[in-house]
Amino acid sequence: MQFLKLLPVFLLLLFFDQNTLAAEFEYENCMENNPPEDEDFDFIVVGAGATGAVVANRLSESGNYSVLLLEAGGPPHWSTEIPRRAEETCDQSQWDWNFLSTPQSKAGFGFPNNRIKLYRGKMLGGSSSHNGMYYIRGNSRDYDKWAELVQDDRWNFTNVLPYLKKIETYYGSYYTNSDYRGGTGPLQITEQNFRPLNDEWLAAGAEFGFPINQDQNADQVASFFPSQVNIDQQGRRSSAYEGYLAPARDRTNLKILCNAYVTKVNFADGEDKRVEGVTFIRHWSEVTIKARKEVILSAGAYQTPQLLMLSGIGDATHLREVGITPRIDIPAVGRGLQDHPGVLFGPFILNTRAAIFSTKGDPTWPNALYQLLPSFRPNWPDYDLDEPAALIPYSVTLVINHGLPKSEGVIRLASSNPVNPPEIDVNYFDVDEDLTDMVDMFKLAVTLLEESASFARFGTRLWGGKMGQCAMFEDRSDEYFRCYLRHYARTGHHPSCTARMGKAGDVQNSVVDTNLKVHGVLGLRIADASVFPTITNANIHAPCFMIGEMVADFVLKEWQEGTTPPTDQTTPTIATTLAAHGKSNSLAGFPIVGAALVYFPFLLQVF
Ligand SMILES: Cc1cc2nc3c(=O)[nH]c(=O)nc-3n(C[C@H](O)[C@H](O)[C@H](O)COP(=O)(O)OP(=O)(O)OC[C@H]3O[C@@H](n4cnc5c(N)ncnc54)[C@H](O)[C@@H]3O)c2cc1C
Ligand SMILES: *[C@@H]1O[C@H](CO)[C@@H](O)[C@H](O)[C@H]1NC(C)=O
Ligand SMILES: *[C@@H]1O[C@H](CO)[C@@H](O)[C@H](O)[C@H]1NC(C)=O
């Protein structure tokens with residue numbers, strides 16, 4: 001009878017909860033009618049992801065300018081706020097683009113037709129709304145190399161650091177580190193608070209001579225540390241949406257339209273270089289809207305190059321092949337795609353409940369990412385393999401990503417139809433050294449897990465079985481590991497560099513200049529992972545936010561100073577310039593033999 005007394009309370013709670021949830025998660029305004037075609041805006045931002053959300057927020061902050069933010073997806077699904085639930089919005093859902101790579105010849109053998117699944121958020125917040133939330137800035141040398149490649153010191157670590165600080169309110173244990181950490185930004189960063197085996201992990205690192213408990217988001221060195229994550233103090237995802245859009249969405253000078261699929265940028269009548277707006281499909285109609293000042297593309301590393309090409313900006317020969325009249329010939333559009341190929345390695349069997357990871361070389365510029373995962377997930381969906389591990393009581397599996405790979409892929413158009421997905425050739429392991437490096441990373445992981453005293457006491461050992469497709473090779477041999485990688489490596493979810501920043505006018509190697517303006521075009525910038533001159537050595541969420549903050553600053557300063565853009569644009573010609581990016585990973589003086597960068601796991605699977 002106690003139960004009956006409490007029933008109304010339960011019902012009330014249920015009712016209450018639903019209402020708060022509704023208010024919290026449903027943002028219906030972005031579904032409103034299409035704006036009239038004669039309504040124009042100062043700025044149009046395409047894509048509300050990690051970078052576009054920042055740009056839209058900052059450009060509308062002063063109230064001086066009107067901003068239109070166009071997003072193909074809808075509001076984020078409620079589950080995206082809950083750590084580890086967001087996976088539900090990755091696979092075959094309406095919150096993801098569900099891309100597949102082109103059939104691969106050197107990787108992806110374990111996927112149907114050698115096509116690797118490529119997740120991408122399609123909602124306010126973009127991939128920031130369903131990513132893994134590991135928050136890591138990368139190495140200072142990554143940015144110093146950017147500055148060297150693009151010959152502009154504004155992009156070196158010293159100069160991007162204030163923006164990296166501006167992004168965050170940091171709550172973790174290094175909070176006194178104010179040279180590096182921010183205290184007032186929109187994104188909330190902390191250390192994971194559920195950290196099984198943290199002590200063993202750090203002790204194992206120490207046994208192998210690594211520094212421990214270093215702040216990975218200060219001056220990064222190879223070390224062992226608890227992961228930092230973008231999770232707020234209430235345990236919810238802190239994302240581009242929560243941090244930058246939710247607080248700005250009621251501004252009268254910011255209009256956010258969901259379900260707006262942009263199909264091209266438009267050039268001004270009778271001018272072949274000045275962009276004056278965009279066309280998008282929404283509510284079953286095609287809408288064209290003008291920007292008085294600039295259009296900023298933030299559609300992400302797969303779709304920004306697609307949009308450029310659909311607008312006639314790209315490799316003229318390729319555009320003609322698919323029936324698009326080239327307008328601005330920039331061969332670099334879509335080229336130089338980089339990602340961190342990653343793989344689940346293991347399982348390592350433990351006699352008790354425990355977790356782990358490791359790698360090689362230059363301790364000041366780690367090239368390997370290790371994350372501890374629970375055992376094989378029951379729904380490890382993309383791989384053509386059985387799940388013996390699911391039967392094993394205690395085990396951990398590592399995620400190992402190559403942090404500084406050399407292989408490069410390419411984005412091309414499948415056709416001139418804007419609703420067709422782009423052709424994404426990820427081209428993992430094209431450079432054999434990437435594969436060799438990862439074999440070494442496997443071996444180091446085995447050494448660390450099997451030979452450290454801290455893990456030996458759990459009897460930790462690599463599972464003795466073999467993956468079926470590689471059963472002909474000797475267990476633990478290089479051949480076996482290479483075969484394993486070619487079958488099971490997949491995306492680390494960090495596509496970048498497909499519309500690279502470079503020296504003004506260098507259309508062979510770059511698409512935008514160091515102000516992120518598209519070469520030879522007026523009124524068009526790019527701000528997202530596409531503009532990375534080269535991939536950073538860790539998860540790339542943080543640099544995406546940083547790029548958003550930087551470009552907003554550039555734009556505001558320029559328009560405030562009253563300059564009409566731009567002065568440094570040279571008309572693209574097919575110049576014979578040095579292939580600087582082709583050598584991007586081997587600049588003299590920057591040895592990139594590996595080293596270990598360690599992640600701590602989210603969860604340990606409890607059976
Ligand atoms: C599953 C997954 C896990 C990840 N885990 C981590 C992690 O743990 N840590 C980390 O640092 N990084 C992680 N990342 C990477 C990180 O989230 C992305 O690199 C980052 O969000 C990229 O930012 P962006 O602005 O370039 O693009 P996105 O955030 O992808 O935003 C692009 C936006 O543009 C929209 N768009 C695209 N085309 C159009 C169009 N034609 N018209 C209108 N809108 C369009 C998209 O819908 C999307 O909202 C992960 C990514 C994924 C997918
Ligand atoms: C907005 O306009 C005011 C008044 O002209 C000016 O003082 C301020 O600097 C402007 N802010 C931005 C960000 O342009
Ligand atoms: C970064 O640029 C600044 C100039 O803006 C310079 O003083 C500094 O030395 C540069 N840092 C590196 C590592 O090159």
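Every residue, every condition in (1) within 14 Å of ligand 3 (Cβ to nearest atom); (2) hydrophobic (A, V, I, L, M, F, W, C), yes or no:
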position	(1), (2)
TRP146	yes, yes
VAL150	yes, yes
TRP155	yes, yes
THR158	yes, no
GLY172	no, no
GLY183	no, no
ILE189	no, yes
ALA203	no, yes
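Residues of region 65-77 include at least one that is away from ligand 1 (no atom under 11 Å from the Cβ), at pLDDT below 95 and under 17 Å from ASP96 (Cβ atoms).
Set side by side, the residues VAL295, VAL265 differ, and just one is more than 23 Å from the chain's Cα centre (by Cα) and among the aliphatic types (A, V, I, L, M), which is VAL265.
Criterion first (in contact with a helix residue (DSSP H, G or I) (Cβ under 7 Å, 6 or more places away or on another chain) and at pLDDT 95 or above) does TYR241 satisfy it? Here the answer is yes, as TYR241 does meet what is asked.
Within region 52-78, can you find the residues that are surrounded by fewer than 18 Cβ atoms within 10 Å (Cβ to Cβ) and small (Gly, Ala, Ser)? SER62, GLY63 - these are the residues of region 52-78 that are surrounded by fewer than 18 Cβ atoms within 10 Å (Cβ to Cβ) and small (Gly, Ala, Ser). Is there a residue in region 171-180 that is in contact (Cβ under 8 Å) with a residue 60 or more places away in the chain and of a type in the set (Ser, Thr, Tyr)? Yes, region 171-180 has at least one match. Might you check whether a residue that is in a loop (DSSP other than H, G, I, E, B), free of Cβ contacts under 8 Å to residues at least 60 places away in the same chain and either within 12 Å of ligand 1 (Cβ to nearest atom) or surrounded by fewer than 21 Cβ atoms within 10 Å (Cβ to Cβ) (or both) occurs anywhere in region 254-263? Within region 254-263, none of the residues are in a loop (DSSP other than H, G, I, E, B), free of Cβ contacts under 8 Å to residues at least 60 places away in the same chain and either within 12 Å of ligand 1 (Cβ to nearest atom) or surrounded by fewer than 21 Cβ atoms within 10 Å (Cβ to Cβ) (or both). In a residue-by-residue description of region 130-142, the property of being more than 16 Å from ligand 3 (Cβ to nearest atom), at pLDDT below 95 and surrounded by fewer than 17 Cβ atoms within 10 Å (Cβ to Cβ) applies to no position.
Quick grid of which residues meet (1) in contact (Cβ under 8 Å) with a residue 24 or more places away in the chain; (2) of a type outside the set (Gly, Ala, Ser); (3) over 17 Å from GLY125 (Cβ atoms):
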site	(1), (2), (3)
ALA240	yes, no, no
TRP284	no, yes, yes
LYS293	yes, yes, yes
ALA301	yes, no, no
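Residues being under 16 Å from the mean Cα position of the chain (by Cα) and surrounded by fewer than 22 Cβ atoms within 10 Å (Cβ to Cβ) are entirely absent from region 104-116. Each residue in region 305-336 was checked for being in contact with an Asp or Glu (Cβ under 6 Å, 6 or more places away or on another chain) and crowded, with 24+ Cβ neighbours inside 10 Å, and 1 pass.
For region 41-93, a residue qualifies if it is under 17 Å from ILE547 (Cβ atoms) and assigned to a strand (DSSP E or B), and the qualifying residues are PHE43, VAL45, VAL46, LEU69. Only residues that are crowded, with 18+ Cβ neighbours inside 10 Å, among the small types (Gly, Ala, Ser) and closer than 26 Å to LEU435 by Cβ were counted across region 463-513, and they come to 3. Among the residues of region 522-542, those that are hydrophobic (A, V, I, L, M, F, W, C) and touching a strand residue (DSSP E or B) at 6+ places or on another chain (Cβ under 7 Å) comprise LEU522, LEU524, ILE526, ALA527, ALA529, VAL531, PHE532, ILE535, ALA538, ILE540.
Filtering LEU307, LEU254 for residues that are within 24 Å of ALA56 (Cβ to Cβ), more than 16 Å from ligand 2 (Cβ to nearest atom) and modelled with pLDDT of 95 or more leaves a single hit, LEU307. When ARG476, ARG461, ARG500, ARG486 are checked against the criterion of being touching a Pro at 6+ places or on another chain (Cβ under 6 Å), more than 16 Å from ligand 3 (Cβ to nearest atom) and of a type outside the set (S, T, N, Q), ARG500 stands alone in meeting it.
Considering only region 205-223, I want to know if a residue exists there that is more than 23 Å from the chain's Cα centre (by Cα), surrounded by fewer than 21 Cβ atoms within 10 Å (Cβ to Cβ) and in a strand (DSSP E or B). Checked region 205-223: at least one residue is more than 23 Å from the chain's Cα centre (by Cα), surrounded by fewer than 21 Cβ atoms within 10 Å (Cβ to Cβ) and in a strand (DSSP E or B). Limited to region 298-328, what total is found for residues that are polar (S, T, N, Q) and under 19 Å from the mean Cα position of the chain (by Cα)? Within region 298-328, residues that are polar (S, T, N, Q) and under 19 Å from the mean Cα position of the chain (by Cα) number 4.
Mind telling me which of the residues TRP155, TRP146, TRP95 ends up being surrounded by 18 or more Cβ atoms within 10 Å (Cβ to Cβ) and free of Cβ contacts under 8 Å to residues at least 40 places away in the same chain? Matching residue, one of TRP155, TRP146, TRP95: TRP95.
Candidates in region 9-40 are the residues that are at pLDDT 50 or above and outside any loop (DSSP other than H, G, I, E, B); of these, the one that is surrounded by the most Cβ atoms within 10 Å (Cβ to Cβ) is CYS30. Checking each residue of region 38-51 against the condition of being within 14 Å of ligand 1 (Cβ to nearest atom) and over 27 Å from PRO421 (Cα atoms) gives no match.
On the given criteria, is GLY126 more than 13 Å from ligand 3 (Cβ to nearest atom) and either buried (at least 22 other Cβ atoms within 10 Å of the Cβ) or of a type in the set (Asp, Glu) (or both)? Yes; evaluated as a whole, the condition is true for this residue.
The values are calculated or read from the model by the stated rules, or taken from the named source; none is laboratory data. Since we're looking at a predicted model, the values are computed, not measured. Methodologically, a virtual Cβ is constructed for each residue, glycine included, from the backbone with ideal geometry; neighbour enumeration extends over all protein chains shown.
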